[in-house]
Amino acid sequence: MTSTLITNIAELTTVDAENRTLHGAAVVIDGEDIAWIGSADAAPAADGQYDAGGRAVLPGWVDSHTHLVFAGDRSAEFEARMAGQSYAAGGISVTMDATGAATDSQLEALVRQRIAGAVAGGTTYLETKTGYGLSLDEETRHAQLLGRLHRAGELDAVTYLGAHLVPPGQDAESYTDLVAGPMLDAVRDHVQWADVFCEHGAFDEHQSRRVLEAARDVGLGLRVHGNQLGPGPGITLATELGAASVDHANYVNDGDLAALAATWERWDPGSRTGAPGTVATCLPACDLSTRQPLAPGRRLLEAGVEIALASNCNPGTSYTSSMNFCVTTAVLQMELSLSEAIRAGTYGGALALHAQHRVGSAEVGKRADLHVLDAPSAIHLAYRPGMPLTHAVYRAGRRVH
Ligand code: NIG
């Protein structure tokens, strides 16, 4: 194992339990992990050294919601939306057809390219999901591809989203039987999580519950796409079933808010012990691209709900993997402070993937996932929106960008 001293850090945002920001700091990486953090003056020697050159360093982004297995283009649908048409889940079937026509090697190359794009933007812990297969064979093919990348350490978490859309021409109940039965059996060894799009036009509460309960029974963790396009049962279903995360959460009523907050009552954010509640994962790039109201991040935080920010990279509603953009938007448009937005894009995502003991903050013992900005302080992310601020990225102790 080799060690590296990262020195000359103008500002280190730790996102630790005290939310410390250190100035004139240094970090020692040993193997995959952070071995030491402190003042640059007191830094121990290491095998190698990286001079951060007076830049700011943050924990790498944790992107807890992406859909990277797809082929094809939906820019015309996007353009129509910008001209006033509203988003409908049916567009998913356009991607389903294009993806079905791609060969295994084409799909693998596309996914790899997208992972590389995310890493180049500072993302060091990445979830992605199936959901554009929507038949037994295609969902299995996508799950196998993602399972391989996960075993190779290129992806950190894989989610089964057979319940993304009822394929055109099929009966919703029979398709739900397939998703909760033979399809789940075929994919379960390749994934860690199961998700369902619980929304008008996709899966209703009863169908969503059937899929989630079947997934829970085979040991998968649960996540829900809910309350994206209007009020609905997604949030309360997610809290009732103990899902790790409910994603989108654009339409949140007082009952939804109370149900989410109740899941966090036993969580001590200081000691960070106990089982996390249900994270509300906000997807601001998607909200802008679909012209939905931005998720109410401020209201959720004030109610005591842990939130995450994620890119939702997909061809229909959010064709970006830029977490810098999402965090910037949260500050500029969602009334989050910089520190709240950074926490949501790092530790919040880690909570949403139950990975908070390993990633999501810069602390001794955690995986050395670090994002060096080409700026002296992290506020530059919001102060200079859209500028190419990612200078260097370390993932599991290795420089990857
Ligand atoms: O998270 N909401 C459902 N699924 C994706 C969009 C899928 C698509 O339109 O292709 C999302 O936004």
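The values are calculated or read from the model by the stated rules, or taken from the named source; none is laboratory data. Here the structure is a predicted model, which means the values were calculated and not measured. Every residue, glycine among them, receives a Cβ derived from its backbone with ideal geometry; neighbour counts consider all protein chains shown. Each accessible area value is taken on the protein alone, full model and side chains, heavy atoms only, with ligands, DNA and RNA left out. Shrake-Rupley method; radii C 1.70, N 1.55, O 1.52, S 1.80 Å.
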Worksheet item: So how long is each side of segment 112-212 along the principal axes, counting just the alpha-carbon atoms, biggest first, in Å?
Response: 41, 25, 22
Discussion item. I want the antiparallel fraction of DSSP beta bridges within segment 165-308, as a percent rounded to 5.
Written reply: 5 percent
Worksheet item: Accessible area of residue 218, 1.4 Å probe, to the nearest 10 Å²?
Response: 50 Å²
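Can you give the helix-only mean residue ellipticity at 222 nm for the chain, where every DSSP H stretch with n ≥ 4 adds -39500 (n - 2.57) and the sum goes over all residues, rounded to the nearest 500 deg cm²/dmol? Provide the component values of the computation, followed by the final result.
Working: 15 runs with 133 residues, N = 401.
Mean residue ellipticity, 222 nm, calculated: -9500 deg cm²/dmol.
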Item to complete: Could you pull the accessible area for residue 193 with a 1.4 Å probe, rounded to 10 Å²?
Response: 20 Å²
Discussion item. When a/c reaches 1.5 or more, the comparison of a/b and b/c decides; with that in mind, is segment 1-43 rounded, prolate or oblate per its Cα gyration tensor?
Written reply: oblate
Worksheet, complete the sentence: Label model pair residue 291, residue 97: point-to-point distance (7 angstrom along the Cα→beta-carbon line) in nm is 2.4 nm
Worksheet item: In percent, how large is the relative contact order of the chain, given Cα pairs closer than 8 Å and 6 or more residues apart?
Response: 20 percent
Discussion item. Once ligands and nucleic acids are excluded and a 1.4 Å probe is used, how much of residue 108 is accessible, expressed in Å² to the nearest 10?
Written reply: 50 Å²
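Under a Cβ-Cβ cut-off of 12 Å, what is the net charge of the residues other than residue 24 that fall near it, where Lys and Arg count +1 and Asp and Glu count -1? Each step should come with its number before you reach the end.
Details: positive: none; negative: 11, 41.
My count for the surroundings of residue 24 gives -2.
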Fill in: Karplus-derived 3J(HN,Hα), 6.51/-1.76/1.60, for each residue of segment 107-117, Hz, glycine and proline x
5, 4, 5, 5, 5, 4, 4, 6, 5, 4, x
Worksheet, complete the sentence: Normalised Cα Rg of the chain, dividing by 2.2 N^0.38 Å with N its residue count, works out at 0.95
Worksheet item: Which values of log₁₀ I(q)/I(0), to two decimal places, follow from the Debye formula for segment 249-401 at q = 0.21 Å⁻¹ with a uniform point scatterer at every Cα?
Response: -1.45
